[in-house]
Structure formats: C-alpha cells, structure tokens
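*Asks:* Pasting a structure here, questions to come.
Any read-out appearing in this document is the output of simple, stated calculations on the displayed coordinates, not a laboratory observation. Predicted model, so just to flag it, every value in this text is computed and none were measured. Methodologically, a virtual Cβ is constructed for each residue, glycine included, from the backbone with ideal geometry; neighbour enumeration extends over all protein chains shown.
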C-alpha cells in the first residue's frame with residue numbers, strides 16, 4: 001500500500017499538460033490540441049516526444065523526422081533538453097515559414 | 001585682313017554655349033544661366049572655368065574652391081578634361097544633396 | 001522619443017499608406033522610413049498556385065513579433081516600427097506581411113526593415129500551405145536561404 | 001514581365017499607398033516590395049529647421065533618375081521600380097523622396113531599394129537648402145557617409 005500510495009501521489013503532483021500541434025504535425029496527429037496527465041518519468045521535451053511517438057501511428061508519423069520538428073514550451077522556442085512540467089503548454093510544429 | 005577674317009570666322013564657328021549655375025554657384029555668380037560665345041581657346045571644362053573666373057569677383061567666388069564644384073556637359077556628369085564645344089549646355093553646381 | 005512598436009496579426013488586408021501615416025503622424029524627427037511588403041506569388045517551383053493559407057500559433061505569435069520588434073529597437077536607433085502579418089486564406093497578389101521602420105537616418109531604417117522581415121520569416125510561428133491549380137496542397141518548406149539571411153544578423157549581435 | 005520604371009519630379013506630395021498599388025496592380029508575380037521614404041527632419045547639427053528648399057536641374061534630373069533606375073533593373077531581377085523626388089519648399093515632417101522596388105524575391109527588392117536611394121543621393125542633381133529658426137539659410141553639404149554608401153554598390157558592379 002505504501003508503494004501504490006506513493007505512485008498515486010506522484011501522478012497527482014504531475015498534473016496536466018497541454019500539447020499543441022501545428023501545420024503538418026496537426027494533420028498527421030489528427031488533432032490540434034490534447035490535454036493529458038504529464039506522463040510519469042517525462043521531464044523534458046525529448047522524453048515527451050518519445051512518449052508521444054508510442055501513442056499511435058499518427059503521432060509516430062508526426063515525429064518520424066525529429067530533426068525537422070520544432071517545439072515551444074509556454075510559447076518560447078525550446079530544444080529537446082528543455083524541461084517540461086505540470087501546467088505547461090508544449091507546442092510542436094515544423095520550421096516556421098511566414099513572412 | 002586675312003588674319004582678322006580668320007579670327008572672325010573662328011569666332012563664328014565657335015558658336016555659343018549655355019552655362020548654368022545651381023545652388024550656391026547660382027547665388028555667387030548672381031545668375032542661373034548665361035549664353036555666351038564659346039571663348040577662343042576654350043576646349044575643355046577646365047579651360048572654361050579658368051575663363052569664367054576672370055569674368056569678375058562673383059564668378060571668382062563661385063569657383064574659389066574648384067574641387068567642390070561639379071560639372072555636367074549636356075546633362076551628363078563631366079570632369080575638367082571633358083571637351084566643350086559649340087552648342088553645349090555646361091552646368092556647374094556643388095556636390096548633389098538630394099534624396 | 002521612440003514609439004512602442006505596432007504589432008498586428010489579422011485576416012483582413014492592411015493599408016500601406018495608412019501605416020506609413022500612422023508611424024509618422026505628428027513627428028518631425030524622422031529622416032527616413034524603410035519598408036518591406038511581402039505578397040503572394042502565383043507560382044512556386046514552376047507550379048501555378050491558386051491560393052495560400054497561413055496558419056499561426058495565436059498564443060505565441062504576438063509575443064514572438066513583439067520580441068523581434070524589441071530586438072530591432074535595441075539594435076538600431078529606431079523612432080518606431082510596425083509589423084503586420086496576415087493569416088487565413090490569401091490569393092495570388094494579396095499582401096501577406098508588412099514591416100516598417102522609422103529612424104532619423106536612412107541606413108538604420110533600411111537595415112532594420114531587412115532585419116525585421118528576416119527574423120519574422122525564421123522566428124515567428126507562421127506556416128504557409130499552398131494550393132496548386134491541380135487541387136494538390138503542400139506545406140511550404142523552410143529554406144536554407146532564409147536561415148542564412150537571418151543568421152547574418154546574429155553575427156552582428 | 002518587368003514594367004518600365006516610374007520616374008517623377010514634383011512639387012506636390014506623393015501618395016505612398018497609391019504608389020505601392022500602382023506598381024503591384026494586376027500582377028501576381030511579385031513576391032516582395034522594398035521601399036524607402038525620406039522625410040524632412042526638424043533639426044540639423046542641433047539647430048532647429050523651419051523649412052527646406054529643394055532645387056534641381058530640370059533638364060538633367062529625369063534623365064539621371066532614369067539611368068539610376070535602369071541600373072537597378074540591370075543589377076537585380078526587378079519587376080518594376082518607382083522613383084519620386086519632390087522639389088520646392090518643404091516643411092519638417094514632409095515627404096521628400098520615395099523609392100520602391102518590386103521583385104519575386106525579397107532580398108532583391110530590399111537591396112534595390114537601398115541602391116536606389118544611395119545613388120539618388122549621390123548621382124541625381126538635387127540640392128537642399130535649410131532655413132533655420134533664426135532666419136539663417138545654408139546649403140546642405142554633401143557628406144562622406146553618403147559617398148561611402150554609394151561606393152559600396154560600385155564595388156559590386
């Protein structure tokens with residue numbers, strides 16, 4: 001009981017994150033936004049991508065070419081080592097092409 | 001008679017030139033435009049300036065700082081060696097400052 | 001003496017003359033305004049385009065644009081600048097983006113305009129999708145030339 | 001595909017929005033327009049200016065401007081360009097000059113706009129006279145920075 005109580009606490013403390021997808025990442029995942037509990041053990045953008053790839057073929061296709069995927073955490077560009085924590089908004093998208 | 005006839009002929013053949021002044025050259029010479037017989041012996045811009053300086057104190061003041069005077073012959077920028085001939089329009093002005 | 005930047009993301013067109021007027025209104029300290037306006041071309045890689053759709057990341061866009069503008073104001077002695085980017089569906093010939101920089105000196109105004117468009121192209125979250133005449137659609141790919149253009153400003157930092 | 005340049009010398013003001021529209025009208029091959037607008041500043045070397053008078057050499061001006069435009073069209077793949085210069089008496093805040101260059105590519109449009117204004121400043125027969133608040137008047141002196149700015153385009157020739 002002590003073990004499972006600890007796990008439950010950890011999951012609660014982890015809270016939720018919002019993940020956004022733009023351009024062809026939105027098309028491949030089939031969603032523009034999903035809210036999820038911060039997966040256990042995920043503390044960085046890179047770890048989050050690993051976890052998302054395992055969700056299904058759409059997500060796997062979206063992240064198939066990881067070096068062409070860009071990320072922003074809380075609306076700030078972020079690399080794979082950037083921390084991800086409870087309440088964060090994490091966005092994935094291709095290199096920008098405006099202007 | 002042969003000599004003076006030759007001189008008269010030369011002067012006729014020389015024809016007239018129009019000399020224009022802009023900006024502070026216009027103000028110093030006191031005129032924007034003068035038409036004159038092409039002075040005998042004057043075949044270049046530099047020689048024309050020498051001749052104009054001798055016309056009076058206004059012209060001398062206009063050309064006092066020769067390296068800051070620019071010239072155009074028939075609306076084309078021209079240096080002191082550029083030829084001047086009958087019918088030419090010769091303009092003198094300071095370095096341009098538009099834009 | 002410098003105004004806060006004007007930053008807008010909008011679906012409707014912008015009025016170029018009005019933006020120049022707004023930036024210069026009531027001022028006599030401006031010596032020059034540099035401007036770039038980007039428009040939709042009718043071809044990409046030899047294929048005819050019938051429309052272009054611009055997507056963006058709303059929560060991030062204006063922050064990213066404000067940061068680019070602030071960076072320009074810090075690098076050059078600007079008296080003001082304007083960044084307007086359209087989103088949604090656009091047609092060939094339509095305006096996409098306007099950048100405008102005002103300074104006492106022309107070189108600063110022109111350099112800042114070049115900087116603003118180079119950084120907008122590489123640091124603001126917009127994505128273009130082109131629809132071709134055969135009905136096919138494709139996301140525009142970022143190109144190395146844009147990255148190089150942006151990188152030249154980074155070295156001067 | 002490129003239009004002949006639009007060249008004008010005029011006493012009245014120009015309409016910036018209308019000039020952009022005129023250059024882009026009916027075209028879908030333009031990707032970007034680079035523009036510079038020069039305006040009258042209220043100070044020169046720390047002294048207050050009440051007005052500026054622009055003199056020019058009418059018979060030569062449009063020819064010189066046409067040559068500068070033709071040179072720009074030859075150096076960059078421009079689809080069109082516009083050069084408008086005002087003459088006569090202007091007040092602080094007034095527009096003096098507009099250059100506008102259209103191209104399929106933004107760098108060409110921006111570089112050409114920079115070239116056009118640098119060469120207008122050093123190769124077109126205009127002269128400025130400033131009237132200061134104390135009633136004194138002085139012809140603006142050409143400055144070395146303008147010559148250097150113009151010279152950078154000569155080396156790339």
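*Asks:* Within 10 Å of each residue's Cβ, count the other Cβ atoms and sort D:105, D:85 from fewest upward.
*Replies:* D:105, D:85
*Asks:* Then there's this: Expressed as an acute angle from 0 to 90° and rounded to the nearest 10, what is the orientation of the C-alpha long axis of helix A:2-14 relative to the principal long axis of chain A?
*Replies:* On a 0 to 90 degree scale, this one is about 30.
*Asks:* Kindly give the distances from residue C:45 to its copy-mates, label point to label point, with each label point 7 Å from Cα along Cα→Cβ, as nm values to one decimal ordered shortest first.
*Replies:* Label point to label point, same position, other copies: 5.8 nm.
*Asks:* Once you average over the residues of D:58-70, how many Cβ atoms of partner chains fall within 10 Å of each Cβ? Numbers along the way, then the final one.
*Replies:* Details: counts 1, 6, 10, 2, 1, 3, 6, 1, 0, 1, 0, 0, 0.
The mean count of partner-chain Cβ atoms within 10 Å per residue comes to 2.
*Asks:* Sticking with this structure for a sec: In whole Å, how far is the Cα centre of segment C:80-157 from that of segment D:27-95?
*Replies:* That distance is 25 Å.
*Asks:* Out of all DSSP beta bridges in segment C:1-147, what portion is antiparallel? Express it as a percent rounded to 5. Don't skip to the answer; put the middle values down first.
*Replies:* Working: 30 of 35 bridges.
Looking only at bridges with both residues in segment C:1-147, the antiparallel portion is about 85 percent.
*Asks:* Continuing with the same structure: Using only the Cα atoms of chain A, build the gyration tensor, take square roots of its eigenvalues as a ≥ b ≥ c, and label the shape rounded, prolate or oblate: rounded if a/c is under 1.5, else prolate if a/b is larger than b/c, else oblate.
*Replies:* Working: a/c = 2.33, a/b = 1.86, b/c = 1.25.
Prolate.
*Asks:* Ordered shortest first, which distances in nm separate the 7 Å Cα→C-beta label point of residue D:136 from those of the other copies?
*Replies:* 7.0
*Asks:* From the square roots a ≥ b ≥ c of the eigenvalues of the alpha-carbon gyration tensor of segment C:7-157, which class results: rounded (a/c under 1.5), prolate (a/b over b/c), or oblate? All intermediate terms of the calculation are to be shown ahead of the outcome.
*Replies:* Working: a/c = 2.08, a/b = 1.63, b/c = 1.27.
Prolate is the answer for segment C:7-157, as a/c is 1.5 or above and a/b outweighs b/c.
*Asks:* Right, something else. To confirm my reading of the symmetry, which residue of chain D has the Cβ nearest the axis that brings D onto C, and what whole-Å distance does it have?
*Replies:* Nearest residue, distance rounded to whole Å: D:17, 1.
*Asks:* GNM, chain C, Cα, under 10 Å: largest mean-square fluctuation among C:117, C:30, C:133?
*Replies:* Comparing C:117, C:30, C:133 in a Gaussian network model of chain C, the most mobile one is C:133.
*Asks:* Taking Cα pairs under 8 Å and at least six residues apart, what relative contact order does chain A come out at, in percent? It would help to have the intermediate numbers written out before the result.
*Replies:* Values: 163 pairs, mean separation 33.8, N = 99.
Dividing the mean separation by the residue count of chain A yields 34 percent.
*Asks:* In A, who owns the beta-carbon nearest the axis carrying A over to B, and how many Å from it?
*Replies:* Whole-Å result, nearest residue of chain A to the axis: A:99, 14.
*Asks:* Out of all DSSP beta bridges in the protein assembly as shown, what portion is antiparallel? Express it as a percent rounded to 5. Each step should come with its number before you reach the end.
*Replies:* Details: 91 of 109 bridges.
Within the protein assembly as shown, antiparallel bridges account for around 85 percent of the total.
*Asks:* Note the angle between two axes, namely the Cα long axis of helix D:58-75 and the longest principal axis of the Cα atoms of chain D, as a number of degrees from 0 to 90, rounded to the nearest 10.
*Replies:* 40 degrees
*Asks:* Give me C:49, D:96 sorted ascending by neighbouring Cβ count inside 10 Å, so fewest comes first.
*Replies:* Working: C:49 19, D:96 24.
Fewest to most other Cβ atoms nearby, the residues stand as C:49, D:96.
*Asks:* To continue, here is another question. So what's the convex hull volume per residue for the Cα atoms of the protein assembly as shown, in Å³?
*Replies:* 169 Å³
*Asks:* Moving on. Please state the relative contact order of chain D as a whole percent: Cα pairs under 8 Å, 6+ residues apart? Could you put the intermediate results ahead of the total?
*Replies:* Working: 291 pairs, mean separation 50.6, N = 157.
Result for chain D is 32 percent.
*Asks:* Residue by residue through C:128-135, how many Cβ atoms from other chains fall within 10 Å of the Cβ on average? Could you put the intermediate results ahead of the total?
*Replies:* Numbers: counts 5, 4, 0, 0, 0, 0, 0, 0.
Per-residue shielding by partner chains comes out at 1.
*Asks:* Follow-up question, since we're still on this one. State, to one decimal in nm and shortest first, how far the label point of residue B:47 sits from each corresponding label point in the other identical copies (label point: 7 angstrom along Cα-to-Cβ).
*Replies:* The projected label point of residue B:47 is separated from its counterparts by 9.1 nm.
*Asks:* Sticking with this one: Provide D:136, D:89 in ascending order of the number of other Cβ atoms located within 10 Å of each residue's Cβ, fewest first. Present the calculation step by step, with values, prior to reporting the outcome.
*Replies:* Details: D:136 9, D:89 13.
So the ranking, lowest neighbour count to highest, is D:136, D:89.
*Asks:* With angles folded into 0 to 90 degrees, how steeply does helix C:106-123 sit against the dominant principal axis of chain C? Use alpha carbons for both and round to 10.
*Replies:* 40 degrees
*Asks:* If you don't mind, there's one more thing I want to ask. Given R₀ = 51 Å, FRET efficiency for residue D:22-residue A:35 by Cβ-Cβ distance, to 0.05?
*Replies:* Numbers: r = 51 Å, r/R0 = 1.00.
With R0 = 51 Å, the Cβ-Cβ based efficiency is 0.50.
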